Amino acid sequence: MLCISGKGYNMKNFSKSCVYQIYIKSFKDSNGDGIGDIGGIIERLDYIKNIGTDYIWITPFFRSPLNDNGYDISDYMSIDPVFGSMRDFERLISEADARGIGIMLDMVFNHTSTEHEWFKKALEGEKKYMDYYYFVDGEPDAPPTNWASKFGGSAWEYVPQLKKWYLHLFDVTQADLNWNNPEVREELKDILRFWKDKGVKGFRFDVINLVSKPDVFENDFEGDGRRFYTDGAKMHEFLKELIGDSGISEMLTVGEMSSTSIDNCIRYSNPAEKELSMCFSFHHLKVDYVNGDKWTLMKPDFNKLKELLVSWQLGMQQGGGWNAVFLCNHDQPRAVSRFGDDRRYRCESAKMLAVMIHMLRGTPYIYQGEEFGMTNADFNDISSYRDVESLNYYKIMLENGTSRQDALNILAAKSRDNGRTPVQWSSGENAGFSSAEPWISAAENFKEINAEADLKSESSVINFYKKLVGLRKEYNVISDGEFIPVGVPDSRLFMYKRQYQGEELLVICNMSGDEISWNDSAAGGYTQLLGNYEHSGKSLMPYEARVYYRK
Ligand code: TEU
Ligand code: CA
């Protein structure tokens, strides 16, 4: 049931939910091949339930050549044997249901793998399937536009036997689907209905705001082409049709929105629009990009981070939209390494970042290992990397004259592999992830940093997360309260309030490694609900976070 409050913002039945994200290939291996799988997820359902999360978003495990670790799908209705069988999946659904956990699948509908039977038939010249993609006539030395692939190089690939180019915004083995073709949209609805019938309780839609391409392709002399295909003209029409016709409007649906805007995300997630439940936006995860370029080194601009978090909280609130709130996922470096101090104050800063996110208005997401402060991989050799985007950009950096060591330093900070090392379950062999050598090396610190050790610790990060998730369920001011920014005298602090029917929450985060003198009068009349230090003294300790409450 949804109700719209007087302030024009909405309270949703997902406001008390929390989602745990699993990157299946790195989560837990159950059959000793060094690759995470469905069996491994089943083994860890109680661990996830213990944190209190309500949904599990699993990254794609459908049949795939795995060039992009499953985001290149060759059959949407079958499970790649490396991840398990349909029987395993059915077992996962029933075990998750038994624990009150909803399974969310990851739908990659912007593109398919070039190994998909649709694309293979297109390559054979079958018109029906060529129209499933963007095939454009052309000469071998003249791509239709100058657009760039997000994974480097041109967004077009030439097919000599067809004398045509095809569009791929991502890897060359990920061909963009033509959503302007109603037959494509019908195929995608069938896929959603198939998994809904299997008992799936939600969906994440991969780069879904890129699917409405223009009817005419033109060069972009002001950028890389994204302005022509991002938040395209038919986006809202397509989403309403997909969600409505597939019968999933009551499910938790979240859209990954690349380079998007608040106005569009309001429309994507305001219940009145009958599109999605919520949106991921990424502007706050680009505050360490020099001039917008990911492949650079820069300390995060914390003022910019706060500004973006606040603007998205206020903007979506005023428009009746709903944010998925998060700091990391399988495409991002580890939050505690990026925004905290993973050496001197790893646990304190991991907890502070958790408070910063989990007390916001929206639905919070926990990425595997974030709940016990896993860090970046700290690789220093290109042979350790596996990610197609990272390997492509390593080559591009070297071609552009960047030294090998500088390129490795940039990868160490920015590569998606930082979030894809095996989950560190214990100090045992291969971090307890597998009895075989994992497909990617574990971070060397797994002997000290692992779930087993953290669970034994009095001041464990996991138990702190559990409290945060519990507070959201207990306090309506957290799940449904209005977000109100609080001006601070010291830019190293981030403060905000939440208000709801006479209740008030005050959140204070010291985002620095400095001890900051603090006049407790601001918290006069409040009681402290939670903090990441044993005592709350006169000053704010390095990375100290406090949650205050009053009625
Ligand atoms: O990510 C979209 C995307 O652009 C990310 O790769 C990320 O924003 C980028 O790496 C930042 O530089 C989605 C999936 O989450 C990602 O894993 C896939 O590789 C990608 O789409 C293609 O499906
Ligand atoms: Ca396995």
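Tabulated results
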read-out: Hey, Phe217 open to solvent by less than 30 Å² (accessible area, probe 1.4 Å) and touching a Phe, Trp or Tyr at 6+ places or on another chain (Cβ under 8 Å) or not; value: no
read-out: Residue within the range 292-304 that is in a helix (DSSP H, G or I), of a type outside the set (A, V, I, L, M, F, W, C) and in contact with an Asp or Glu (Cβ under 8 Å, 6 or more places away or on another chain) present; value: no
read-out: Selection within the range 511-543 - at pLDDT below 95, under 25 Å from Tyr465 (Cα atoms) and among the aliphatic types (A, V, I, L, M); value: Ala523
read-out: Per-region count, the range 375-420, residues assigned to a loop (DSSP other than H, G, I, E, B) and either within 16 Å of ligand 2 (Cβ to nearest atom) or within 11 Å of Pro333 (Cα to Cα) (or both); value: 7
read-out: Meets criteria (closer than 30 Å to Ile22 by Cα and in contact with a Pro (Cβ under 9 Å, 6 or more places away or on another chain)) for Asp106; value: yes
read-out: Some residue of the range 90-113 being small (Gly, Ala, Ser), at pLDDT 95 or above and within 24 Å of Ile396 (Cβ to Cβ); value: yes
read-out: Test for Ala436: is it within 16 Å of ligand 2 (Cβ to nearest atom) and surrounded by fewer than 20 Cβ atoms within 10 Å (Cβ to Cβ); value: yes
read-out: Flag for Leu192 being part of a loop (DSSP other than H, G, I, E, B), open to solvent by less than 50 Å² (accessible area, probe 1.4 Å) and either among the small types (Gly, Ala, Ser) or at pLDDT 95 or above (or both); value: no
read-out: Verdict on Ser337 being within 26 Å of Leu530 (Cβ to Cβ), open to solvent by less than 10 Å² (accessible area, probe 1.4 Å) and more than 16 Å from ligand 2 (Cβ to nearest atom); value: no
read-out: Flag for Tyr132 being within 16 Å of ligand 1 (Cβ to nearest atom), among the aromatic types (Phe, Trp, Tyr) and open to solvent by less than 20 Å² (accessible area, probe 1.4 Å); value: no
read-out: Conditions (1) surrounded by fewer than 17 Cβ atoms within 10 Å (Cβ to Cβ); (2) acidic (Asp, Glu); (3) under 32 Å from the mean Cα position of the chain (by Cα); number of the one not met by Glu504; value: (1)
read-out: Residues located in the range 303-324, provided they are in contact with a strand residue (DSSP E or B) (Cβ under 6 Å, 6 or more places away or on another chain) and surrounded by fewer than 23 Cβ atoms within 10 Å (Cβ to Cβ); value: Lys306, Val310, Gln313, Gln317, Gly320
read-out: Test for Leu455: is it away from ligand 1 (no atom under 16 Å from the Cβ), crowded, with 16+ Cβ neighbours inside 10 Å, on the phi < 0 side of the Ramachandran plot and assigned to a helix (DSSP H, G or I); value: no
read-out: Scan of the range 141-156 for residues that are in contact (Cβ under 8 Å) with a residue 12 or more places away in the chain and either in contact with a helix residue (DSSP H, G or I) (Cβ under 7 Å, 6 or more places away or on another chain) or not in a loop (DSSP other than H, G, I, E, B) (or both), ordered by number; value: Ala148, Phe151, Gly152, Trp156
read-out: Given (1) out of contact with any Lys or Arg (no Cβ under 9 Å at 6 or more places or on another chain); (2) without any contact (Cβ under 8 Å) to a residue 12 or more places away in the chain; (3) of a type in the set (Gly, Ala, Ser), index of the condition Gly292 fails; value: (1)
read-out: Conditions (1) open to solvent by 20 Å² or more (accessible area, probe 1.4 Å); (2) assigned to a loop (DSSP other than H, G, I, E, B); number of the one not met by Asn463; value: (2)
read-out: Number of positions in the range 238-260 that are of a type outside the set (Val, Ile, Thr) and either within 16 Å of ligand 2 (Cβ to nearest atom) or within 22 Å of His330 (Cα to Cα) (or both); value: 6
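The values are calculated or read from the model by the stated rules, or taken from the named source; none is laboratory data. Predicted, not measured: the structure shown is a model, and the values here were computed from it. Quick reminder, even Gly has a Cβ in these numbers, built from the backbone with ideal geometry, and neighbours come from all protein chains shown. These area figures cover heavy atoms from the full protein model, side chains too; ligands, DNA and RNA do not enter into them. Shrake-Rupley method; radii C 1.70, N 1.55, O 1.52, S 1.80 Å.
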